[in-house]
Amino acid sequence: MNAAVIEDTLFGTLKAKRELLVACWTTKIRGAVSAPLTNAELLDRIPAFVDEVIAALHPSAAALPSTSVHAGEHGAQRLRLHFDVREVVREYGLLHECILELATDSGAAISLEEQQVISKWINTGIADALAQYVKRRDAELERQTSEHLGFIAHELRNPLSAARATAHRLRDEPSLRGSTSVALLERSLRRASDMIDNALSHEFTVIEVAGLDRPGLLYELTNALSDLNLDITSAHITTFGERAVDVFYVTDLTDKKIANPARQKAIRERLLEVLGSDWMADAR
C-alpha cells in the first residue's frame, strides 16, 4: 500500500495527529481526576500505549498481541498515585472518545475492522492495567495485614509471657505443687498463646525459646536465626529475673512460612545447640 493511500486511513490520521490525540486525552483526564498531578505523572505510559494502538491500525499490521506491557505498568503507577479502579477504567474510555472525536473532526471514516482493533486494544489496556493494579494492591494489603498482626502479637505477647512465667514459678512453689488451679491457669495461658500463634500461622513461623538468661543471649539467637537463612519479622523479648522467654516471628528468604517439619526440627536443634540443653526451643 503506497504512502498516499496510508495517509487517508485511520492509521495515517492518528499517526499525523498523535500529539493532538494525547493532548485531547490529557485535557479530558485532568478534568476527571481531582489529584494535583504533574504532566509527567498524568501522562505516564499513555503516549506509549497510544503508539501501540496506532501501530495496530496499520493496514499491514500483524495479529494483535494479547497483552500490553505499557498498560500493565500504567496500572501499577496509578495505584501508587492512589487512583481508584473506576478512574483507571475511565482513562481508557476517555482515550477511546478522543480517537473517535479526532477521526470525526478529520473526516476519517472508521471501518468495522478498525473499530474492532480499537475496541480490542482499549479492552486489553483496561484488563492489563487492572490486573497489575489489583495484584499490587492485594500485595500491599497483605503486607499491611502482616504488620498489623505483628503489632497485635507484640502487644499481647509481653503481658502473656509475664503471666506464663509467673504461673511457672507458682507451679514450683512447694505449697502449690499439684494445684489444679495452677495447672488450669497454665493451660489457659498456653491456649491464649496458641490462639495468637494460630492467627499468624499462615504468615509466619513462630519460634519460642525459654530458659535461664545470660549476657549476649539475644545476639547469639539472632545470629543463629540469620545462619539458618531466616528473616525476623517481629521479636518479643521478656525477662523475669533469671529467666527469659523470647518469641520470634520469622519467614524464609522468600517471605514464606517454614512448613516443612524436617526444616522446623533442624531449627529447633540448631537453637538448642546455641542455648544449651536446659533451654526449651520450639518452632511451629
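The values are calculated or read from the model by the stated rules, or taken from the named source; none is laboratory data. Note that the structure is predicted; figures quoted are calculated from it, not measured. Please note: Cβ atoms are built from the backbone with ideal geometry, for glycine as well, and neighbour counts cover all protein chains shown.
Any residue in the stretch 34-63 that is more than 23 Å from residue 127 (Cβ to Cβ) and free of Cβ contacts under 8 Å to residues at least 40 places away in the same chain sitting within a Cβ distance under 8 Å of a residue that is of a type in the set (Val, Ile, Thr) and surrounded by 12 or more Cβ atoms within 10 Å (Cβ to Cβ)? List the pairs, counting only those 6 or more apart or interchain.
Between residues of the stretch 34-63 that are more than 23 Å from residue 127 (Cβ to Cβ) and free of Cβ contacts under 8 Å to residues at least 40 places away in the same chain and residues that are of a type in the set (Val, Ile, Thr) and surrounded by 12 or more Cβ atoms within 10 Å (Cβ to Cβ), the close pairs are 39/26.
Picking from 49, 83, which residue would you name as being aromatic (Phe, Trp, Tyr), part of a loop (DSSP other than H, G, I, E, B), within 31 Å of the chain's Cα centre (by Cα) and assigned by TED's automatic domain parsing to the domain that holds residue 136? Steps first, please.
Numbers: 49 fails: part of a loop (DSSP other than H, G, I, E, B).
The match here is 83.
Sort through 40, 55, 35, 76 and tell me the only one that's loosely packed, with under 15 Cβ neighbours inside 10 Å and closer than 20 Å to residue 137 by Cα.
Checking each option against the conditions leaves just 35.
If you check 266, 283, which single one turns out to be farther than 17 Å from residue 216 by Cβ, touching a Lys or Arg at 6+ places or on another chain (Cβ under 6 Å) and either of a type in the set (D, E, K, R) or surrounded by 11 or more Cβ atoms within 10 Å (Cβ to Cβ) (or both)? Show your work before the answer.
Numbers: 266 fails: touching a Lys or Arg at 6+ places or on another chain (Cβ under 6 Å).
Selected residue: 283, the only one of 266, 283 that is farther than 17 Å from residue 216 by Cβ, touching a Lys or Arg at 6+ places or on another chain (Cβ under 6 Å) and either of a type in the set (D, E, K, R) or surrounded by 11 or more Cβ atoms within 10 Å (Cβ to Cβ) (or both).
Checking residue 107 against (1) exposed (fewer than 13 other Cβ atoms within 10 Å of the Cβ); (2) under 35 Å from the mean Cα position of the chain (by Cα), which single condition isn't satisfied?
Only one criterion is unmet by residue 107, namely (2).
Sort out which residues of the stretch 234-284 are among the hydroxyl-bearing types (Ser, Thr, Tyr) and at pLDDT 80 or above, and write them in order of number. Quick ask: steps written out before the conclusion?
Here is the first cut: in the stretch 234-284, the ones among the hydroxyl-bearing types (Ser, Thr, Tyr) are 234, 238-239, 249, 251, 254, 277.
Selection gives 249, 251, 254.
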